[in-house]
Each structure stands twice: as C-alpha cells, then as structure tokens.
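The values are calculated or read from the model by the stated rules, or taken from the named source; none is laboratory data. In this text the structure is predicted, and so the values were computed from the model without any measurement. For neighbour counting, all protein chains shown are included, and Cβ atoms are generated from backbone atoms with ideal geometry for every residue, glycine included.
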Amino acid sequence: MGLLDALTGRHQVKGPAPDRLFAITTAYITLQSEHGIEPAGSAAIVFQALATSDFESTIKDMEEVVKATGGESGTQVATQDDSYGYRWMVLRNPAGAPSVEDLAVGINAVSSSIETAGYGERLLCAVFAFSDAQRHPIYCIYNYKRGFWYPFVPAPGSGGSSDGGERSTERELQLKAQIGNELPMEPELERWFPLWGIPI
Amino acid sequence: MAATAHKGHAAFGKDTGLQARMFLTLFLLVVIYAVLVGVLFAVGASGLTILVVALALMAMQVFASDKIAMGTMGVKEVSPAEEPELHGIVERLCVQADIPKPRVCVMEHQMPNAFAMGRSRKSATVCATRGILEMLSPAELEGVMAHELTHVVNRDVMVMTLASFFAMVASLIVQFGFFFGGGFGGGYGRSREAEEAVFVSIAVAAAVYAISFLLLRALSRYREFAADRGSAVLTGRPSALASALLKLSGTMERIPSRDLRTVEGMSAFFIVPARAKSSLMNLFADHPPLEQRLAALQRLEAQLQGTA
C-alpha cells in the first residue's frame, strides 16, 4: 500500500494470488511414498458467503457443476456454515479411491467459478486432508490471498472442536522440511493461521 | 487477476468523496502548519527549541504510548487457548486482509468497546473489552474487529500522531510561550520588538492550535468512516457492523459517566466514543454521529445487494 493510500485510508481486499493450488497433486506423491502420509480422500474450500441473491445463485450453479463433473469419479459435495459465518464446501471421494487430482480439479472448479462471478476476494482457503500412520489428521492449507501452502496439524486429542486447541508445531515444521521443495510454503511462520474445527 | 476479481456487482465501488474530503483536510493541516513553522523560524532560536522538545514528545508518543496505555488501562494480552473465538475471528480476518496477525488483548471492563493501537502493522495490537465480547454475536464482533484491523491496515495511529505533531507544537507555545518569552528574539534586554515577537508568535500559535484542532477532529471522523467501510469490504457484511454499532450505542449512553472518565484519554481509538453523548457540536467530535455511520453502511449494503 502506497503513501497516498495510507494518508487517505483507502483499502481494497486483495483478490486471489496466482494459482499454485495444483502443486498439491505432485507433493502428495512424496508424502505418500516417502513419509507414509496417506490422503484422506477429502478436501474443502472455505469462503465468506455473502447474503445476496446473486451470490447464493452463483453458489448453487457451481454446486451443480461440481456434482456433474464429479459424477465420473464419484466425488460428493456437501456445504455447511461454521460458527464464524464462513461457508465450507466439502468434496469427498468414495472410499478406496482417494484421488488428490480429482479433489484438486473439483476445488479449482469451485474457486474459478467464484472468481468468474466476480467474488474472488471472498475466497479464504482450500484444505486437503491427510492422515499419518497413527491415523492422526494432517491438513495442508492453501491461502488464496498469498498463493502459499502451509501445514496444520492439530495435536492428537484436540482440534475436533471449533474452540481451538493445541497444534503440533514440531510436526508442522517437519512437514515443511519434507515437502517444502514440492509445495510453495508460506515463508512467514506467523501467517500459518490455524483453522479449528475443520469438517473433513 | 485484480481486474477480474473486481468486475461486476461484487466489489464495492470507490468512495471518492470521502477520500477527497480527507485529502482536503490533510492539505489544510499542512498549510496552517507551514504558517506556524514560518513564524517559528522568524522568531529564531527558542522557536527551534520548542520544535525539538515537541519532536522528543512525539517520539515518545509514537514508541511508548501503546505500552503506557496498556499499562494504565489494565489491558492484558490473551492466548488462543484463553479466547479461542476472538483469536479465530482475528485470524480469519488477517487472512482476508493479508496482514500479519496483531497482538490480541482483552480489557477486563464491562463497558463494551474495542480499539486498535500500535505504530505499524508489525507492532499492532487489537483490544476488546470483556463487555463487548459478552454482548455481541460472532458476526457483529467480526464486524467490529474488522473495523479495528482496518485502522491497523490504514496506519491510523501513525497518521493521526504525525498529523497532530504541529498542533502539539502550537499548544506548547501557547502554554509556555511567556515562559520562553525572554529568549524570543534575542535574549538580553527585552526590546519592544522582542516583546512584540513573543506576542505575535503566541497569537499565531493559538490560532494554529484552534484551527488544527478542528481539522484533526474532522480527519479522525473521516478515518472512522474509512474504517467502517473497510470493515464492510473485509467481511462482506455491512449490516452486521451496523447492528453492532446500534447495540453498542444503546449501552454507551446508559453507562454512568464516573466509569467513563477513567477511559476518556483513549477515546480517539475506540470504536464508539467513550463519552456520554452530547451531540451539541459534531464539529468537535472525534467520531461521526451514529446516524451518519449507519447511513453509510446502509449504502454499502445496498451496493452489495445490487439495489443501489
């Protein structure tokens, strides 16, 4: 933001950064083959749902599109609002076919139709769920504003509620070292914002 | 990318009028400050002394005021474990605004209010009182925190501190001008000219102080409008903030003034002024009247709904 913007208090919400969502489709192979971290077969996109008829119809159309394109792979779509007033669109693959590619294509279809409708600045994050050998959840979060990824690992036994909990920072930093080469990681650690109560 | 993101109905339009008024106010401030500096140079050495003293005072204000305020007001930083909902709201808004997360504080006070402090985005603090956390719904609280975060994004504390620098110089001259008087215009043997110089500079300073006071109040009101607007843009829910303002204003008037006086000094950074309402002269107020803020938010909601 320039000096003039600071003086006049002008402020716009940023639209999405250049898309690096599909980096997950190569990074998950490393996670799977070298670190024993399996995709959980679900992903979600979080955005601010505007209470306008135009936005609602955009979302409805988009849901239809994702359902139609997901028909071949059997991807299911569900929508829910969280306690912070953000909307989650959750994509689930049928059991036994946890294809990260299908999920990324689905998430990308959602985000691009939101952008085409002119609501790009309402996108918050996309989340891909994984689980480690002990079946603890591991999340990879994609920040649309920044175009960066970061890991989010709730400490075992917490993270189920939206009230927050402990996160396993050590595990997250290990993940950064493990897949930092494939996944464009958020360089500023203070922007690794947690998302409690992820519904996937 | 930016062009596609803002095409169509979704984006809020620009508020050119507000920016023009803010710019005019800043311009007028610079003009009258230039007059003051001119007079200070004309009277010579002790004028410059005052300038240096004022600079030191401002540096203190910039670097220590938030710590002093936090210390005296009983503001306490809270961890995500203590206040998960407040942290959750702030974190999501920071993602949305693309700023680093400020420190999150809570003031144990039943008066419902919120404010932002700190000279830069890195050192920023947002604070909510216990009263506001208990009173507002999550969506309303989000609107209020987005208002405060917009103050951080717009660097309002810094802008207001810098803008009021010469007003502070002027007030120093008015208060201590006679004390410094001996030094004005030479030093030994007060000549008639020297005495005149003292009177002239005090008179000019008084005028500068009075005018800049009004201009600063106007600037503060414009920045409140800008923060309301920023909050609406950030959350996409102008009416949630409007609802919060209505709730807050309802209680602010019922709060006994004895309690209010203890927080008087922080008024400029509060979301609603901490004073019992006396709408005698809006010209002197640092916050715009509630009706105007609600009307501005209503216009934004209409833009959003596509009915404007």
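Scan region A:126-133 and give yes if some residue there is within 14 Å of chain B (Cβ to nearest Cβ) and touching a residue at least 60 places away in the same chain (Cβ under 8 Å), otherwise no. There is at least one residue in region A:126-133 that is within 14 Å of chain B (Cβ to nearest Cβ) and touching a residue at least 60 places away in the same chain (Cβ under 8 Å). Between B:Ala170, B:Ala242, the distinction of being hydrophobic (A, V, I, L, M, F, W, C) and modelled with pLDDT of 85 or more belongs to B:Ala242 only.
Go through region A:178-196 and give me each residue that's hydrophobic (A, V, I, L, M, F, W, C), free of Cβ contacts under 8 Å to residues at least 60 places away in the same chain and within 14 Å of chain B (Cβ to nearest Cβ).
If we filter region A:178-196 for residues that are hydrophobic (A, V, I, L, M, F, W, C), which is where we start, we get A:179, A:183, A:185, A:189, A:192-193, A:195-196.
Of the ones still in play, those that are also free of Cβ contacts under 8 Å to residues at least 60 places away in the same chain are A:185, A:189, A:192-193, A:196.
Listed by number, the residues that qualify are A:Leu189, A:Trp192, A:Phe193, A:Trp196.
Restricting attention to region B:188-240, the residues being assigned to a helix (DSSP H, G or I) and within 30 Å of A:Ala51 (Cα to Cα) number 18. Restricted to region B:78-105, and to residues there that are more than 9 Å from chain A (Cβ to nearest Cβ) and touching an Asp or Glu at 6+ places or on another chain (Cβ under 6 Å), the residue that is nearest to B:Leu141 (Cα to Cα) is B:Cys105.
The set of residues in region B:118-162 that are surrounded by 21 or more Cβ atoms within 10 Å (Cβ to Cβ), within 16 Å of the chain's Cα centre (by Cα) and assigned to a helix (DSSP H, G or I) comprises B:Val144, B:Met145, B:Ala146, B:His147, B:Glu148, B:Leu149, B:Thr150, B:His151, B:Val152, B:Val153, B:Asp156, B:Val157.
Selection over region A:80-134 of residues that are over 26 Å from B:Cys94 (Cα atoms) and touching a Lys or Arg at 6+ places or on another chain (Cβ under 9 Å) gives a count of 2. Just a yes or no: is a residue in region A:169-192 on the phi > 0 side of the Ramachandran plot and either modelled with pLDDT under 90 or not hydrophobic (A, V, I, L, M, F, W, C) (or both)? Within region A:169-192, not a single residue is on the phi > 0 side of the Ramachandran plot and either modelled with pLDDT under 90 or not hydrophobic (A, V, I, L, M, F, W, C) (or both). Residues in region B:222-234 that are at the interface with chain A (Cβ under 7 Å from one of its Cβ atoms) and farther than 15 Å from B:Val159 by Cα: B:Gly230, B:Val233, B:Leu234.
Among the residues that make up region B:95-117, is at least one of them within 19 Å of B:Arg237 (Cα to Cα), of a type outside the set (Gly, Ala, Ser), modelled with pLDDT under 90 and assigned to a loop (DSSP other than H, G, I, E, B)? Yes; the residues of region B:95-117 include at least one that is within 19 Å of B:Arg237 (Cα to Cα), of a type outside the set (Gly, Ala, Ser), modelled with pLDDT under 90 and assigned to a loop (DSSP other than H, G, I, E, B). The combined condition, being away from chain B (no Cβ under 12 Å), modelled with pLDDT of 85 or more and under 18 Å from the mean Cα position of the chain (by Cα), is not fulfilled by A:Tyr119. Inspection of region B:88-98 finds no residue satisfying the criterion of being acidic (Asp, Glu), surrounded by 20 or more Cβ atoms within 10 Å (Cβ to Cβ) and touching a Ser or Thr at 6+ places or on another chain (Cβ under 6 Å). The single residue among A:Val65, A:Val105, A:Val46, A:Val127 that is crowded, with 19+ Cβ neighbours inside 10 Å and assigned to a helix (DSSP H, G or I) turns out to be A:Val105.
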